[in-house]
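Below is one structure; the comments refer to it alone.
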Amino acid sequence: MRYRCRNQCEALAHAGLDCDVVLERETDLDAALGRYRCVVLHRVAWTPKVERFVARARRHGTPVLFDVDDLVFEPAAAGLPTDRLDAAARRRFDAEVAALRSTLAASDGVLVSTEPLRAHAAAVNAQVEIVHNAVNAELVELAEEAVARRGERSTDVTFAYASGTPTHDRDFAVVAQALVHVLETLPQARLRVVGFLEADERLAAFGERVEHISPVGWREVPRLLATADVNLAPLVRSPFTEAKSCLKYVEAALLRLPTVASPRSDFARVIVDGETGLLAESVPEWSAALRALAESREARERIGAAAYADVCARHTTRARADEARRAVRALTRGRVGGDA
């Protein structure tokens, strides 16, 4: 809701458009037809209620768009995080995927956050536009406050990994071996994990040098990451992860932190390797990148500063306002009531 609903509304407001965010289950969708020139359904699954609404909106001439920022509408996509589901949960998951795909197919157009998502969505609906994820004004302010409070850096170098859901164990495994090597060979290296992650036995050997902080609300994350030195964004290679956006880079950049990331599509789009961040795929590449940043404060500060300038220029809701308006206009142009 934050990135694809509230933040997109903030971007559209910068472009001069009015919009509201409501929960579908708490809303009289039919009443919206007389108030709005366009309705966007973010990850709203197909139900008889939604089917009736889409049909009525079409008769009314109000465009209905579908919005999504994960590959949750493709049943055959390898890499979906379903390996821990029992048979009943997997059936529910598959039904949800199918229902989301139905809404996507029935909509007048689709908004997505990355190029791989655009390609997948275009196989179902010919009208697809990209609105990249962007940080809102509140997060920018929280990051500035966290940076102002962090004080002098210690001689330790803390690598940080923030996990928002319990499905990232496989992603973290991409960097685990490289972290073990760096922790073994560089006594100043430390690791801070924020959020959901199962303990890795190899890291337990480093005792207090590995810190695990329980999940917190998003407003608390800048404070916890600001006192780290390097941000980690590992992702396994799969259609699901290739479709993910570069938010881990963008959020860390607000804190002037350099990011080492797997070269998934959206990270490769925004990170200039060696300038605004580092890209690493193999264990040797991860080890080299972590060591290079651990051993050079100058490199950390230079890359962190470049990343901060990049996010301020290209990845805020204000910077993405024109993109958001162009996308909505492209999908609604020529439809009654929807030419925003």
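Suppose the filter is of a type in the set (Lys, Arg) and modelled with pLDDT of 95 or more; does residue 101 pass it?
On the way: of a type in the set (Lys, Arg): yes; modelled with pLDDT of 95 or more: yes.
So residue 101 passes the test.
Please determine, by comparing only the residues of segment 190-210 that are over 24 Å from the mean Cα position of the chain (by Cα) and without any contact (Cβ under 8 Å) to a residue 24 or more places away in the chain, which one is nearest to residue 115 (Cα to Cα).
Within segment 190-210, the match that is nearest to residue 115 (Cα to Cα) is 201.
Among the residues of segment 288-307, which ones are surrounded by fewer than 20 Cβ atoms within 10 Å (Cβ to Cβ) and not charged (D, E, K, R)?
288, 292, 296, 299, 305, 306
Name every residue in segment 88-132 that is part of a helix (DSSP H, G or I), polar (S, T, N, Q) and buried (at least 21 other Cβ atoms within 10 Å of the Cβ), in order of residue number.
Applying the first criterion (part of a helix (DSSP H, G or I)) to segment 88-132 yields 88-106, 115-122.
With polar (S, T, N, Q) added as a condition, the list becomes 102-103.
If the condition is that a residue be part of a helix (DSSP H, G or I), polar (S, T, N, Q) and buried (at least 21 other Cβ atoms within 10 Å of the Cβ), then 103 is the only one that fits.
Is there a residue in segment 35-57 that is under 24 Å from the mean Cα position of the chain (by Cα), part of a helix (DSSP H, G or I) and in contact (Cβ under 8 Å) with a residue 24 or more places away in the chain?
no
Could you list, in sequence order, the residues of segment 1-21 that are under 19 Å from residue 69 (Cβ atoms) and touching a helix residue (DSSP H, G or I) at 6+ places or on another chain (Cβ under 8 Å)?
Result: 2, 3, 8, 10, 11, 12, 19, 21.
Could you please let me know if residue 190 is of a type in the set (Lys, Arg) and modelled with pLDDT under 95?
So residue 190 does not fit the description; no.
Output the qualifying pairs, or none if there are none: Cβ atoms under 7 angstrom, residues six or more apart or on different chains, first residue in segment 166-189 and without any contact (Cβ under 8 Å) to a residue 12 or more places away in the chain and over 23 Å from residue 241 (Cβ atoms), second residue assigned to a helix (DSSP H, G or I) and among the charged types (D, E, K, R).
none
Does any residue in segment 103-114 that is in contact (Cβ under 8 Å) with a residue 24 or more places away in the chain and closer than 22 Å to residue 320 by Cβ come within less than 8 Å, Cβ to Cβ, of a residue that is among the hydroxyl-bearing types (Ser, Thr, Tyr) and crowded, with 24+ Cβ neighbours inside 10 Å six or more places away or on a different chain, and which pairs are these?
Pairs that qualify, where the first residue is in contact (Cβ under 8 Å) with a residue 24 or more places away in the chain and closer than 22 Å to residue 320 by Cβ and the partner is among the hydroxyl-bearing types (Ser, Thr, Tyr) and crowded, with 24+ Cβ neighbours inside 10 Å, are 113/245; 114/245.
Filter segment 133-168 down to the residues that are surrounded by 15 or more Cβ atoms within 10 Å (Cβ to Cβ), small (Gly, Ala, Ser) and in a loop (DSSP other than H, G, I, E, B) and list them by number.
134
Among what's in segment 58-87 and is outside any loop (DSSP other than H, G, I, E, B) and more than 30 Å from residue 265 (Cα to Cα), pick the residue that is modelled with the lowest pLDDT.
In this case the residue turns out to be 87.
Residues in segment 298-315 that are in contact with a strand residue (DSSP E or B) (Cβ under 8 Å, 6 or more places away or on another chain) and over 16 Å from residue 248 (Cα atoms): how many?
The total comes to 1.
Residues being in contact (Cβ under 8 Å) with a residue 40 or more places away in the chain and touching a Leu at 6+ places or on another chain (Cβ under 9 Å): count how many of those fall in segment 215-232.
12
The values are calculated or read from the model by the stated rules, or taken from the named source; none is laboratory data. This is a predicted model, so every value here is computed, not measured. Please note: Cβ atoms are built from the backbone with ideal geometry, for glycine as well, and neighbour counts cover all protein chains shown.
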